[in-house]
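Colleague: Below is one structure. I have some questions about it.
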Amino acid sequence: MNGMKLQVVSLLISLLAGSAPAAADSIPHVGVNLGGWFLIEEWMFSFGQFDRVAEMSDLPQGVVMPPLLPDGMGENWYGEGDLVNKIVAKYDEDFAVQVIEAHRQTYITDEDIAAMKSANITNVRMPLGWWAFVEESLKDASEVITDPAHSDMKFVTITQEALRTEIQRFKDEGINILLDIHAMPGGSSEGSYSGIFPSTPMFWDDEDLMDLGYSIIESLCDFYLGLDKDLQDSVTGITLLNEPAHNMDIDMYESVMTNWLAGAIDIYRKKIVEGGSDDVESVPKLFVNLIETAMSDQNMLDFFHSTFSPKELQNWAVLDIHHYFAWDGGHNGCYEEGSCSYQCSDSTTEEGLSAIQEIIKDGAAESHKFFFDNGTIPLVSCSEYSLATYDTSNDACRGQAVLNAMFQGQKDSFREQGLFGAFFWTWKMPYGGTHEDAWSLKKFLGLGS
């Protein structure tokens, strides 16, 4: 490991350990996502054959699913629902369960958790699909279930016993968990993480699906309340839904989404805050994830003030906004001249690298500025960020100088803004081809794939 990489690892450890000179400069919840494990996105398994991060409805980018399908199955897939459906069609349900379970049991290893601990990572965010909190997930073994709105989308349930076991694995190493529901029945966002891509998301159009969504939230809360006290203590955060209504018609869906989300929050409030603990400060923080493709910053602010009391905002309600330079047209970088805010080759000169660092610094400072300038939301977080400078990884900057600048710029900005939480996306991406350079923290740290 060269001197520059050692310096970067030192910076990461300092950030994760919260070892800034003053408490105001530290970030309480800092860590890494476990993307691609219990919720599978196709681009993370594209095996170097594709380089788009943003999915395309006419281009299935999923290629492999090790260890049982290390070379694929002869046809590509769009997302987890499509993957399982195609395995069932080509083989059978039993083999589909074997494929997904083998992936789950081997993807995040004991060595991975030890490596996280060695880097002073104390928090992980665990994306999960709704299929972890259905009635079937209470059984002893996983099974194939079908999405209620899309008969050609199937999933392998995550048993709650398996989930409990994984929380224990992290707890044993002193690492806390943020449980994050990434998808709802029928599809609650546009994107491969919705599970049903490229089919149309139906969750916000169907009262029965939204009611089913409430039962998923209740099951999540019941799962948490059923944990032993020591495991409860290691679950320090919960997200009820990731990026709700992302890239869907704002005029049509914003009010539907916020009304449902307020109801989901009330379930959490009654079950966990009011019913689950005598000490409100000990309950898991509720990371309420919102996204600018579904509502404006001002509407996010208004939603928070209409949904939470000042005491709740102070104690447990966290406004969570993702930030990615890959889709930030004013601060992105790529190889092609004139297509981005800067060219990757600019980093080869001291003057050029300095200019890139300023662009990154400005972009990172803008990430949550609206909410901090307003000053009425005490707890603001960023549960997803990366080092990617562009949304196609072959065109994004992958040289170490720019990657280091991306890390340093975001690190400094998150501290200066006073973020409550920041989670890198993601820990590993061994089957992601050129995506791995900017999206895998493990590779960035020089710890392998």
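Please treat every number below as a calculation from the coordinates, not as lab data. Being a predicted model, the structure only gives us computed values, none of them experimental. Glycine also receives a Cβ, built like all others from the backbone with ideal geometry; neighbour counts cover every protein chain displayed.
Colleague: Using θ = phi - 60° and the Karplus curve 6.51 cos²θ - 1.76 cosθ + 1.60, what whole-Hz ³J(HN,Hα) does each residue of segment 379-391 get, with Gly and Pro shown as x?
Modeller: 10, 10, 9, 9, 7, 8, 7, 8, 9, 6, 9, 7, 8
Colleague: Quick one: net charge around V53, please, counting Lys, Arg +1 and Asp, Glu -1 for every other residue with C-beta under 10 Å from its C-beta.
Modeller: Its environment carries a net charge of -3.
Colleague: Here's something else I'd like to know. If you consider only alpha-carbon coordinates, what radius of gyration and Dmax does segment 54-208 have, in Å?
Modeller: Rg, Dmax (Cα atoms, Å): 16.1, 47.
Colleague: To continue, here is another question. With θ taken as phi - 60° and the coefficients 6.51, -1.76 and 1.60, list the Karplus ³J(HN,Hα) couplings across segment 286-298 in order, rounded to whole Hz; mark glycine and proline as x.
Modeller: Those phi angles translate into 8, 7, 8, 8, 10, 9, 5, 7, 10, 6, 6, 4, 5 Hz.
Colleague: At a Förster distance of 25 Å, what's the computed FRET efficiency of S354 paired with T293, Cβ-Cβ distance as r, to 0.05?
Modeller: In this case the efficiency is close to 0.15.
Colleague: Of the DSSP beta bridges with both residues in the chain, give the percent that are antiparallel, rounding to the nearest 5.
Modeller: 20 percent
Colleague: What do the square roots of 5 times the Cα gyration tensor eigenvalues come to for segment 167-261, in whole Å, largest first, as semi-axes of the equivalent ellipsoid?
Modeller: Ellipsoid semi-axes (Å, largest first): 29, 14, 11.
Colleague: Report ³J(HN,Hα) in whole Hz for each residue of segment 214-220, in order, from the Karplus equation J = 6.51 cos²θ - 1.76 cosθ + 1.60 where θ = phi - 60°; Gly and Pro get x.
Modeller: Along segment 214-220, the couplings run 5, 5, 5, 5, 4, 5, 4 Hz.
Colleague: May I pose another question? Could you name the lysines in cross-link range of K271, using Cα to Cα under 26 Å and dropping any fewer than eight places away on the same chain?
Modeller: Reachable lysines: K139, K171, K229, K285, K311.
Colleague: Separate question: Stretch A262-E336 to full length: gain in nm at 0.36 nm per residue minus the Cα-Cα span?
Modeller: Gain on stretching A262 to E336: 22.2 nm.
Colleague: Test of understanding: given the chain, find the longest segment containing no GluC sites (Glu not before Pro) that are in a DSSP loop and have at most 10 other Cβ atoms within 10 Å.
Modeller: 1-335
Colleague: Could you tell me which of rounded, prolate or oblate describes the chain, using a ≥ b ≥ c as the square roots of the eigenvalues of the alpha-carbon gyration tensor, with rounded for a/c under 1.5 and, failing that, prolate when a/b is larger than b/c and oblate otherwise?
Modeller: rounded
Colleague: At a temperature of 10 °C and a viscosity of 1.306 mPa s, determine how fast segment 63-148 diffuses translationally according to Stokes-Einstein, using the Kirkwood radius over alpha-carbon pairs as Rh; express D in µm²/s, rounded to the nearest whole number.
Modeller: Diffusion coefficient, whole number: 108 µm²/s.
Colleague: Continuing with the same structure: Using the charge dipole of segment 76-148 (Lys, Arg: +1 at Cβ; Asp, Glu: -1 at Cβ; taken about the Cα centre), state which of N76, L138, T109 has its Cα farthest towards the positive end.
Modeller: The listed residue farthest towards the positive side: T109.
Colleague: Where in segment 124-142 does the amide nitrogen come within less than 12 Å of the point 7 Å from the Cα of T165, taken along Cα to Cβ?
Modeller: Under cut-off, by backbone N: 140-142.
Colleague: Oh, and also: To two decimal places, what compactness ratio does segment 208-315 give when its Cα radius of gyration is scaled by 2.2 N^0.38 Å?
Modeller: 1.11
Colleague: Grab the eigenvalues of the alpha-carbon gyration tensor for segment 334-424, scale each by 5, take roots, and send me the semi-axes largest first in whole angstrom.
Modeller: 26, 13, 11
Colleague: So if we plug the beta-carbon distance of N394 and K270 into 1/(1 + (r/R0)^6) with R0 = 56 Å, what FRET efficiency do we get, rounded to 0.05?
Modeller: So, using R0 = 56 Å, E works out to roughly 0.70.
Colleague: Next question. Quick query: amide H of E41 versus all other amide H atoms, modeled in the peptide plane; which residues come in under 5 Å with a sequence gap of 5 or more or a different chain?
Modeller: Excluding prolines and chain starts, which carry no amide H, the hits are G36.
Colleague: Apply 1/(1 + (r/R0)^6) to the Cβ-Cβ distance of T106 and D208, taking R0 = 35 Å, and write down the FRET efficiency to the nearest 0.05.
Modeller: Step by step, r from the Cβ atoms, then E = 0.45.
Colleague: For R125, enumerate residues with amide H under 5 Å from its amide H, sequence gap 5+ or separate chain, H modeled in the peptide plane.
Modeller: Those lying under 5 Å, H to H, from R125 are V32, N33, L34, L178.
Colleague: Sticking with this one: For segment 278-429, what log10 I(q)/I(0) values come out of the Debye formula at q = 0.10, 0.13, 0.14, 0.20 1/Å, with one point per alpha carbon and no solvent?
Modeller: Calculated log10 I(q)/I(0) at the listed q: -0.40, -0.63, -0.71, -1.19.
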